[in-house]
Amino acid sequence: MWKLLSATLTLLLLLALLSGFAASDCGCNKLRETKTNTKEEQLDSEQDQVCQQNARNKNTHYRDYYAELEPEIEGMSLIPGGSYHIGTDEPHFQADRESPERLVKLKDFYMDKYEVSNAKFAEFVEATKYNTEAERFGDSFLFRTLLTKEQRAQLEDFRVAGAPWWYKVSGVSWRNPNGPDSSIKGIEQHPVVHVSWHDAVAYCTWAGKRLPSEAEWEVACRGGKRGKLYPWGNKLMPKEQHWTNIWQGEFPDSNSAADGYEFTCPVDTFRQNIYDLYNIVGNVWEWTADLWQEGDTSPNPNRVKKGGSYLCHQSYCFRYRCAARSQNTDDSSAGNLGFRCAKDA
C-alpha cells in the first residue's frame with residue numbers, strides 16, 4: 001500500500017515538473033506569491049501582466065495595462081510606437097490627399113487627452129504676456145450664426161470666398177471668441193479658438209511639449225483600429241448615442257444641436273477611443289506640425305489640420321474622420337480652430 005502511494009506521488013511530481021517545462025516561456029509562467037512585498041517583485045508581476053495581455057490580445061495596441069512601467073504624465077495618454085496604417089484607399093475628398101493608405105513607423109509618444117482649453121491658454125498668456133496673431137492683426141473669422149442679421153449685412157464684403165458663412169470680424173480673438181463683446185467667462189473649459197499655428201507652437205513650447213505630427217495625430221485618433229472611419233468604429237452613433245460634437249440639421253442654415261451643443265463643447269465631453277482621448281474628432285479642428293506641401297518655404301505655408309469641427313456635416317464637410325485632413329496658412333485663425341499637444345516618450 002505504502003509503495004503504491006509513494007509511486008503515485010512520485011508520478012504526480014514528475015508530471016508537474018514536465019508541465020512546467022512544457023509551458024511557453026515569455027516571462028509569463030513564473031510562479032508568484034499572491035502578495036508581492038518588494039518593488040522588484042511588483043515590477044516582475046506587472047511585466048507578467050503585460051506579457052499575458054500581449055498573449056491574449058496580439059492585435060491590441062494600447063498598453064494601458066503598463067501600470068508603472070511607463071511614467072505617467074497628467075492629462076496625457078501614452079501612444080505606443082510601432083508600424084501603423086494611416087490614410088485611406090477610399091477617400092471622400094480626392095483634393096485633400098487622403099489616399100493612399102500607407103504604413104508609417106512611430107516611436108512611443110504622449111498625446112494630450114484634451115484639446116487645450118481657454119483656461120489653460122489663459123495660464124500661458126498670464127505667464128508669458130503672449131499676444132496671439134489674431135490680437136496683433138486685430139481680427140479673426142466668425143461663423144454666420146454668431147452674427148446678427150444686421151452685422152452680416154455690414155460685413156457682407158468681408159466673407160471668405162467659397163465659404164460665405166465665414167466673416168472676417170474686427171475685435172475677435174481667443175479672449176473674445178464669439179464676437180467683440182464676448183468673453184471666455186463661463187466657457188473656460190471649452191477649447192481655445194482663434195489661435196494660429198504659431199500661437200499653438202508657442203503654447204506647446206511653453207508647456208514643454210510640441211504639436212503632434214500628422215501621422216502621430218492619426219494613429220492616436222484610430223485607437224489601434226485599422227480602416228475605421230471614426231476613433232470608435234464605423235457607425236456614427238453607436239447605440240443611438242452621440243459620440244462627437246458636429247452639425248446636425250441643414251448646413252449652414254439650421255443646427256438642431258441634437259448632440260447637446262450648438263457651438264463648442266467642454267474639452268472633456270466626448271471620450272472617443274481606448275487611448276482615453278476626448279474630442280479628437282469634432283468640436284474644433286486641430287493643428288499638426290506638418291506642412292501641407294512638403295518642402296514649402298513660402299512666408300506663410302499651409303499646415304495640416306485634422307479632426308473636423310462642430311461645423312462639420314456629412315453633406316458638406318465630412319472631415320470628422322481619422323483619415324480626413326485639411327489645411328490653413330500658419331497665420332490663420334478662426335472660431336473652430338484649436339489644438340492639442342504631444343510629447344516624446
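Laboratory data are not the source of any read-out in this text; all were calculated from the coordinates shown. Predicted, not measured: the structure shown is a model, and the values here were computed from it. Neighbour counts are summed over all protein chains in view; Cβ atoms, including those assigned to glycine, are modelled from backbone coordinates with ideal geometry.
Provide, for q = 0.08, 0.18 Å⁻¹, the log10 of I(q)/I(0) from a solvent-free Debye sum over equal Cα point scatterers in the range 118-344.
-0.27, -1.50
Calculate I(q)/I(0) for the range 113-253 by the Debye formula, one identical point scatterer on each C-alpha and no solvent, and give its log10 at q = 0.13, 0.17, 0.20 Å⁻¹ to two decimals.
Computed log10 I(q)/I(0) values: -0.78, -1.15, -1.26.
Give the residue list of trypsin sites (Lys or Arg not before Pro) in the range 219-258 that are DSSP loop and have at most 11 other beta-carbon atoms within 10 angstrom.
Counting only loop positions with at most 11 other Cβ atoms within 10 Å, the trypsin sites (Lys or Arg not before Pro) in the range 219-258 are ARG226.
Per residue and in Å³, how big is the convex hull formed by the alpha-carbon atoms of the range 219-345?
129
Under the rule of at least 5 residues apart or a separate chain, name every residue whose amide H is placed under 5 Å from the amide H of ASP108.
The list, which skips near neighbours in sequence, is GLY81.
Which of LYS168/LYS209; LYS168/LYS305; LYS113/LYS235; LYS225/LYS343 have a Cα-Cα distance over 26 Å?
LYS168/LYS209
Based on the Kirkwood radius over alpha-carbon pairs, what is the Stokes-Einstein translational diffusion coefficient of the range 194-242 at 37 °C with 0.692 mPa s viscosity, in µm²/s?
Value of D from the Cα-based Kirkwood radius: 251 µm²/s.
Please list, in chain and number order, the residues 5+ apart from ASP290 or on another chain whose amide H is under 5 Å from its amide H, with Hs placed from the backbone.
HN-HN under 5 Å from ASP290: GLU214, VAL304.
Which of GLU133, GLU150 has the fewest other C-beta atoms within 10 Å, and how do the rest follow up to the most?
Listing GLU133, GLU150 from fewest to most nearby Cβ atoms yields GLU150, GLU133.
What do you get for trypsin sites (Lys or Arg not before Pro) in the range 151-197 restricted to DSSP loop and a cutoff of at most 13 other Cβ within 10 Å of the site's Cβ?
Passing sites in the range 151-197 are LYS185.
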